[in-house]
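To start, the structure under review is shown below, and the notes come after it.
Here, each number is a calculation from the coordinates, and none is a lab measurement. Model, not experiment: these values are computed from the prediction. Please note: Cβ atoms are built from the backbone with ideal geometry, for glycine as well, and neighbour counts cover all protein chains shown.
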Amino acid sequence: MHILVTGGAGYIGSHTCVELLASGYQVTVIDNLSSSKQAALRRVSEITGREPDFVRADLRDPVTLDALFQDRDFGAVVHFAGCKAVGESTQIPLEYYENNIGGTLALCQAMAEAGVRKLVFSSSATVYGAPAAVPIREDFPTCPTNPYGRSKHFIEEILRDLYRSDSTWNIALLRYFNPVGAHPSGRIGEDPNGIPDNLMPFIAQVAVGKRPRLRVFGDDYDTLDGTGVRDYIHVTDLARGHLKALERLSANPGVVTYNLGTGRGYSVLEMVRAFERASGRPIPFDIVGRRPGDIAICYADPGLARAELDWTANLGVEEMARDTWRWQSQNPDGYE
């Protein structure tokens, strides 16, 4: 099957391309490289021995998108493309809504015209907002607390409306928790532009000497050590979840929603200590104020994905820290 991967040069997208190619899928990537590097796809080819097709374009370019669907016979789309930082979304919300929602609308219109109606969507656990309880199940209320999460929530509703209007669509909404880690080869990993917005790449850059100290946003949450607790999932486990979702779509399930997480929460300071063990280096940090939109604790109940996708996360926090350090130590300046 030929799969179109939007945003496939990005962090999660490139790791998913590895899994797709290794499993025998044909892959075409469309990416505007606004927050990713084409070098990631060259390294995907090194790892797999197979080269994905690459089209540099924005999803909101209808001419390129229509030509892409006319020229290739896609069986399904895995949709990663979009702005992705919680903190940044509170500063430039209109850009998040325009890019994430506008890009998805353009993609779905092109898919409909080409008769391609299988879609795996990269959603987020941020759609739940501040949950009343943990672990979080897929049937919990959704109430995102920041524009990034709201853009994902709006897209989920758009895709459900699309299915209601045309039941030939089959759509998997994958709610990621906190992806970390890197490919065990050390050849691909997370390479953020500028100051990292997420915890693990920031820790890694401190460990490798690119940044002097980590900032910990708040130590007064109602958690064991006062720092925020999240469900960190290894990116290769997450990538495998997309293959399982594609398999599920071949059974014509309609719209299905799955949490992709480990079911275990770790605090910021627990992740710092794990990285110190993996790297053998101290991670100095300062406690600063909370960030707007952040919540105290968030971790998944992944039982539905286990039951319906036959998927579980296999890699723990030690592997997450080890593989992140291998990537960062071998690539101190990222893909550059």
- Note on the structure: One quarter of the C-alpha convex hull surface, i.e. the mean projected area of segment 224-310 in nm², amounts to 7.6
- Query: Under the classification rounded if a/c is under 1.5, otherwise prolate if a/b is larger than b/c and oblate if not, where does segment 170-253 fall, given a ≥ b ≥ c as square roots of the Cα gyration tensor eigenvalues?
  - Reply: oblate
- Could you pull out every one of the aspartates and glutamates with an alpha carbon less than 20 Å from that of Lys152, ignoring same-chain neighbours closer than 8 positions? Asp31, Asp58, Glu88, Glu95, Glu98, Glu138, Asp139, Asp161, Asp197, Asp231, Asp294, Asp301
- Looking at segment 259-336 from every direction and averaging, what is the projected area of its Cα convex hull in nm²? 7.3
- Per DSSP H run of at least 4 residues, take -39500 (n - 2.57); add these up for the chain, divide by its residues and hand me the 222 nm value, nearest 500 deg cm²/dmol. -12000 deg cm²/dmol
- Item | Gaussian network model of the chain, Cα within-10 Å springs - most flexible of Arg150, Arg273, Arg240 | Arg273
- Note on the structure: Candidates Arg326, Arg42, Arg291; GNM for the chain (alpha-carbon contacts under 10 Å) flags as most fluctuating Arg291
- Task: Would you list the P(r) distribution for segment 1-101, with all Cα-Cα distances sorted into 10 Å bins from 0 and each bin expressed as a whole %?
- Result: 16, 46, 29, 8, 0
- Quick one: Cα centre-to-centre distance for segment 62-81 and segment 164-216, in angstrom? 25
- Within the chain: Cβ-based charge dipole about Cα centre, in debye rounded to nearest 20 (Lys, Arg +1; Asp, Glu -1): 500
- Query: Can you list the equivalent-ellipsoid semi-axes of the chain, largest first and in whole Å, using the square root of 5 times each Cα gyration tensor eigenvalue?
  - Reply: 30, 23, 18
- Relative frequency of Cα-Cα separations exceeding 14 Å in segment 211-268, percent: 68
- Task: From the C-alpha gyration tensor of segment 181-336, pull out the three semi-axes of the equivalent ellipsoid (sqrt of 5λ each), sorted largest to smallest, in whole Å.
- Result: 29, 20, 13
- Karplus (6.51, -1.76, 1.60) ³J(HN,Hα), θ = phi - 60°, over segment 64-77, in Hz, Gly and Pro reported as x: 5, 5, 4, 5, 4, 6, 6, 7, 10, 9, 7, x, 6, 10
- Task: At q = 0.17, 0.28 Å⁻¹, work out log10 I(q)/I(0) for segment 161-211 with the Debye formula, treating every Cα as an identical point scatterer and leaving solvent out; two decimals please.
- Result: -0.66, -1.17
- Query: For segment 107-199, rounded, prolate or oblate, judged on the Cα gyration tensor with a ≥ b ≥ c (square roots of eigenvalues), a/c < 1.5 rounded, else prolate if a/b > b/c?
  - Reply: oblate
- Note on the structure: Phi-derived 3J(HN,Hα) across segment 121-132 with the Karplus relation (6.51, -1.76, 1.60, θ = phi - 60°), rounded Hz, x for Gly and Pro, is 9, 7, 9, 7, 5, 5, 5, 7, x, 8, x, 6
- Item | For segment 275-317, radius of gyration divided by Kirkwood radius, i.e. Rg to Rh on alpha-carbons | 1.15
